[in-house]
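The values are calculated or read from the model by the stated rules, or taken from the named source; none is laboratory data. On a predicted model such as this, the values are computed, not experimentally measured, just so you know. Neighbour counts are summed over all protein chains in view; Cβ atoms, including those assigned to glycine, are modelled from backbone coordinates with ideal geometry. Please note that ligands, DNA and RNA were not included when accessible areas were found on the heavy atoms of the full protein model with its side chains. Shrake-Rupley method; radii C 1.70, N 1.55, O 1.52, S 1.80 Å.
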Amino acid sequence: MNHITKKKGIPCGQYVLGGCLLTYTVFCALPVLLVFVAAFTDEGAITRNGYSFFPEKWSFVGMNSVLKYGKQLVTSYGVTIFITVAGTVLGLLMMSLFAFAVSRKGFRIRYLLSIYALIPLIFKGGQLSNYIVYTNQYHLKDSLLALIMPLCVTTMNIIILRTYIQSSIPEELMDSARIDGAGEYRTFFQIVLPLMKPSLAAVGYMMATTYWNDWQNALLFIESDSKKPLQLLLVNIQRTIEFLINARDIPSSVMAQMQGTIPQQSATMATVIVVIGPIMIAYPFFQKYFIKGLTVGSVKG
């Protein structure tokens, strides 16, 4: 019996959907491209014509105003990388252990711990109480731990990790490990943790982004220049530029000459590039796990 195979072409709707997604991607990429162009645009051209993809004059003054901090910029980069890596690794370890505990049906106080984790999500003491606790009780003033501990554990990340364990890791697999003589810690580190890679990557990327962009805790707790993270340094650069522009004790004639020469707008865009550059580079490597981890618990067909 001859089997007739019919070659199916790509449905027209796929081309329409692809065109819509391509258009959406272009519109999302245009603001990022504009930021890069504005960072290398002459300040006078921005003052006269506003932001443009085709500037009247190019200039490196804005980027140089950020890069001139040289040694301090490198130090701040190192501090930010350290707190991002250390905080993310420590947070993932603590939250995955907590999520594993509350996911075990035989654990007697799992509901009590779940309620304990939900309390900070509903009730918060506020910034003043946090400052008093971390400085007076924990004595973390001007310490890098003050930048790591406040963001280390969050309720929503615990829920994501717990849901992933319950929905993606069979209970029978852990029971078989217990029958073979494995304890809880061995079961977690040798069986559960390797299977949690998608959820760990998703939560880890969100935590790393939060640590990387945090500057309020540094503003509250950090005093030494050697411990200033990148974001606080860039905030200080912006404040310095704004002070020069808004200073009232500068003669009006001098201010008139300075208008358009102080790289306020271009320096702002240059700081944005310095901040988001590493995150944009890292995102493609985590995208697969990021999407899979965020769809934990969805309906499967």
- Task: Could you tell me which residue of segment 134-166 is farthest from ILE191 (Cα to Cα), considering only residues that are under 23 Å from the mean Cα position of the chain (by Cα) and of a type in the set (Val, Ile, Thr)?
- Result: ILE148
- How many residues are outside any loop (DSSP other than H, G, I, E, B) and either surrounded by 19 or more Cβ atoms within 10 Å (Cβ to Cβ) or at pLDDT below 65 (or both) if we restrict to segment 207-240? 14
- Pick out, from segment 1-93, the helices (runs of 4 or more DSSP H) lying fully within it that include 1 or more residues that are open to solvent by less than 100 Å² (accessible area, probe 1.4 Å), within 27 Å of THR210 (Cβ to Cβ) and modelled with pLDDT under 80. 61-67
- Query: Right, PHE82: out of contact with any helix residue (DSSP H, G or I) (no Cβ under 7 Å at 6 or more places or on another chain), aromatic (Phe, Trp, Tyr) and closer than 14 Å to LYS228 by Cα or not?
  - Reply: yes
- Message: Go through (1) touching a helix residue (DSSP H, G or I) at 6+ places or on another chain (Cβ under 9 Å); (2) within 30 Å of SER168 (Cβ to Cβ); (3) of a type in the set (Gly, Ala, Ser) for SER76 and report which single condition fails.
- Response: (2)
- Query: Looking only at segment 116-134, which residues are assigned to a helix (DSSP H, G or I) and farther than 20 Å from PHE98 by Cα?
  - Reply: GLN127, LEU128, SER129, ASN130, TYR131, ILE132, VAL133, TYR134
